[in-house]
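K.L.:
This is the structure, below, for whatever I ask next.
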Amino acid sequence: MSMVAALFVETNGAYFGLPDVAPWDIRRDARLYKGPYPVVCHSPCSRWCQLAYMNQKRYGHKVGADGGMFAHALTSVRAYGGVLEHPANSYAWPAFQLQRPQRQSWQRTMCGAWVTEISQVAYGHRAIKKTWLYAVVENPPLMDWSEPAPTAQVSFCKNHGNSPLPRLSKKEAKATPIRLREILISIARSAHQQRVAA
């Protein structure tokens, strides 16, 4: 098994304690990662997500001002292979001129990467949690593009509409389901194997 670097992950979260996975959390500062292993990137999304403009207005957190974390994640996945994960409709996509993903398939980009949209509920998350993936790998795997009924919702606002579904804690909302973690790691390992074979 080839080593994989998991960048911008939660301390003691899903990527910790795994053989052949080097987790880079906030204490290690993933912006310092310089290779050589393929990567799985979960760069922070609060400055890029759909609530980013509301947060900017309310708290003064400028949209996109994430200290270069998304830029480093994108540079790392392009340099070493692997996959970058971000919320669907992330403002980072147009800011970095990335092709907007569609559901139900991978789409090849002009730069040779692949993009797609999935719902993490298909991988065991309790909420729908639509997610965009940007993968630098020759042959991306078949994904589960279904969207089963959720049992909870991701919402940190007190007024979250008329949904009867319970709200998740921030910790549970941010957590990566194990099935999704495994397929993201497999994408990174495939990228490494394909580069070695080339």
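The values are calculated or read from the model by the stated rules, or taken from the named source; none is laboratory data. Bear in mind the structure is a predicted one, so any value in this text is a computation, not a measurement. Here the Cβ positions follow ideal geometry from the backbone for every residue, glycine too, while neighbour counts run over all protein chains shown.
K.L.:
Looking at Trp114, Trp145, which one is surrounded by fewer than 20 Cβ atoms within 10 Å (Cβ to Cβ), modelled with pLDDT of 95 or more and among the aromatic types (Phe, Trp, Tyr)?
P.N.:
Criteria check complete, one pass: Trp145.
K.L.:
For segment 149-183, which positions are outside any loop (DSSP other than H, G, I, E, B), modelled with pLDDT of 90 or more and out of contact with any His (no Cβ under 9 Å at 6 or more places or on another chain)?
P.N.:
Of everything in segment 149-183, those that are outside any loop (DSSP other than H, G, I, E, B), modelled with pLDDT of 90 or more and out of contact with any His (no Cβ under 9 Å at 6 or more places or on another chain) turn out to be Ile178, Arg179, Arg181, Glu182, Ile183.
K.L.:
Right, here's the next one. Tell me which residues, restricted to segment 37-89, are modelled with pLDDT of 95 or more and part of a loop (DSSP other than H, G, I, E, B).
P.N.:
Tyr37, Pro38, His42, Gly81
K.L.:
Ala127: assigned to a loop (DSSP other than H, G, I, E, B) and surrounded by 15 or more Cβ atoms within 10 Å (Cβ to Cβ), yes or no?
P.N.:
Considered against the rule, which asks whether it is assigned to a loop (DSSP other than H, G, I, E, B) and surrounded by 15 or more Cβ atoms within 10 Å (Cβ to Cβ), Ala127 comes out as yes.
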